[in-house]
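Quick notes on the structure that follows.
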Amino acid sequence: MLSGIQSRVGGGGTVALVVAGVCWGTGGIAGSLLATYGDLHPLSIAAYRLLLGGAFVTMFLLATSGLRVPRTGASARRLLVVGALLATFQAGYFAAVTLTSVSLATMITIGSVPVFVVAATVARTRRRPSGTTLGALGTAIVGLVLLMGAPTGEGLPLIGIGCALLAGAGFATVAVVTRRPVAGLDPLRTAAFGCWVGGALLLPAALTVGVSIPLRPDVIGAAVYLGAVPTALAYAAYFTGLRSAHPVVAALTVLLEPLTAALLATLLLGDRLGVVGWCGAALLVAALAVSQLRPEPVVTP
């Protein structure tokens with residue numbers, strides 16, 4: 001499946017990015033099931049997710065093209081940077097969830113990703129974003145707020161908001177950094193070793209809160225799915241799409257994660273999205289469609 005996506009992307013990379021966003025959207029339910037069945041801390045789930053994702057992509061590579069990685073400084077730096085950024089994203093997001101709430105952490109983290117990418121693109125190219133890009137960005141943020149709902153509670157903890165913004169900045173940096181290819185380092189190897197490095201960085205903290213799980217079919221099944229689909233397949237598809245898509249478009253497709261999660265919760269868990277939520281979903285889809293009309297020109301750094 002991964003090789004099929006990699007070979008079909010070709011032009012804009014939109015198909016791969018959409019696959020990544022939809023797969024990420026299923027990760028919430030899988031992670032929730034693993035937390036419930038396995039009695040795991042969110043930080044441990046993040047470590048499991050990255051390590052298992054790296055393992056699945058590695059097995060795929062060993063069964064197909066081999067695990068050859070260029071032994072160059074550029075390759076090593078890229079993998080270390082990607083791994084550190086993935087660990088930052090996971091740690092920052094789950095810290096924000098602990099300090100605030102799932103809805104607020106998701107809204108700030110995912111909503112800030114395209115904002116950070118647009119800001120970085122403007123700083124790098126010294127070009128103002130087009131009206132189409134700004135319109136898509138504004139529509140996406142409004143749609144995300146409507147979809148997730150207004151945050152509740154007394155006050156907004158600044159530390160939690162800061163952690164969510166750190167997570168968004170980490171993921172946005174992945175989209176910007178991996179836009180420039182490294183000779184001999186393809187998306188699958190980037191996903192495999194990036195997940196390995198990120199998981200290794202999170203493992204010491206995860207060990208302090210516990211990583212043991214009961215060896216039952218429901219727990220193993222949830223862990224396998226979390227590592228295989230919303231991690232291995234999703235990151236491989238995302239890194240593939242980044243090779244030919246503009247980072248702003250790639251960042252906007254990240255919004256498919258909360259959209260997919262909300263729709264799955266409605267279909268499988270009986271949640272009610274409501275009129276406001278459906279309006280938010282429609283705006284997210286509209287923002288993704290608008291971003292494809294006249295995307296920002298790609299400027300190679």
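The values are calculated or read from the model by the stated rules, or taken from the named source; none is laboratory data. Just so we're clear, the structure is a prediction, and the values are computed from it rather than from any experiment. With ideal geometry, Cβ positions are generated from the backbone for all residues, glycine too; neighbour counts draw on all protein chains shown.
One residue stands out among those in segment 289-299 that are assigned to a helix (DSSP H, G or I) and more than 16 Å from LEU242 (Cβ to Cβ): the one that is modelled with the lowest pLDDT, which is VAL290.
Scanning segment 65-111 for residues that are assigned to a helix (DSSP H, G or I), of a type in the set (S, T, N, Q) and surrounded by fewer than 22 Cβ atoms within 10 Å (Cβ to Cβ) returns SER75, THR88, THR98, SER103.
For segment 204-235, the tally of residues that are out of contact with any helix residue (DSSP H, G or I) (no Cβ under 6 Å at 6 or more places or on another chain), not in a helix (DSSP H, G or I) and not hydroxyl-bearing (Ser, Thr, Tyr) stands at 4.
Select, from LEU166, LEU185, the only residue that is at pLDDT below 90 and either closer than 23 Å to VAL248 by Cα or among the small types (Gly, Ala, Ser) (or both).
Details: LEU166 fails: at pLDDT below 90.
Residue meeting the stated conditions: LEU185.
VAL176 meets the conditions (1) surrounded by 24 or more Cβ atoms within 10 Å (Cβ to Cβ); (2) closer than 23 Å to PHE116 by Cα; (3) of a type outside the set (Asp, Glu) in every case but one. The failed one is (1). So GLY149 clears everything in (1) at pLDDT 80 or above; (2) closer than 15 Å to LEU284 by Cα; (3) of a type outside the set (S, T, N, Q); (4) surrounded by fewer than 22 Cβ atoms within 10 Å (Cβ to Cβ) except one condition, right? Which one? Condition not satisfied by GLY149: (1).
Are any residues in segment 179-226 of a type in the set (D, E, K, R) and either surrounded by 13 or more Cβ atoms within 10 Å (Cβ to Cβ) or under 23 Å from the mean Cα position of the chain (by Cα) (or both), and if so, which ones? Outline the logic, then answer.
So in segment 179-226, the residues of a type in the set (D, E, K, R) come out as 179-180, 186, 189, 216, 218.
Hits for segment 179-226 are ARG179, ARG180, ASP186, ARG189, ASP218.
Pairs meeting the criteria (first residue in segment 184-200 and farther than 21 Å from GLY241 by Cα, second residue surrounded by 24 or more Cβ atoms within 10 Å (Cβ to Cβ) and polar (S, T, N, Q), beta carbons under 7 Å, at least 6 apart or on different chains) are lacking.
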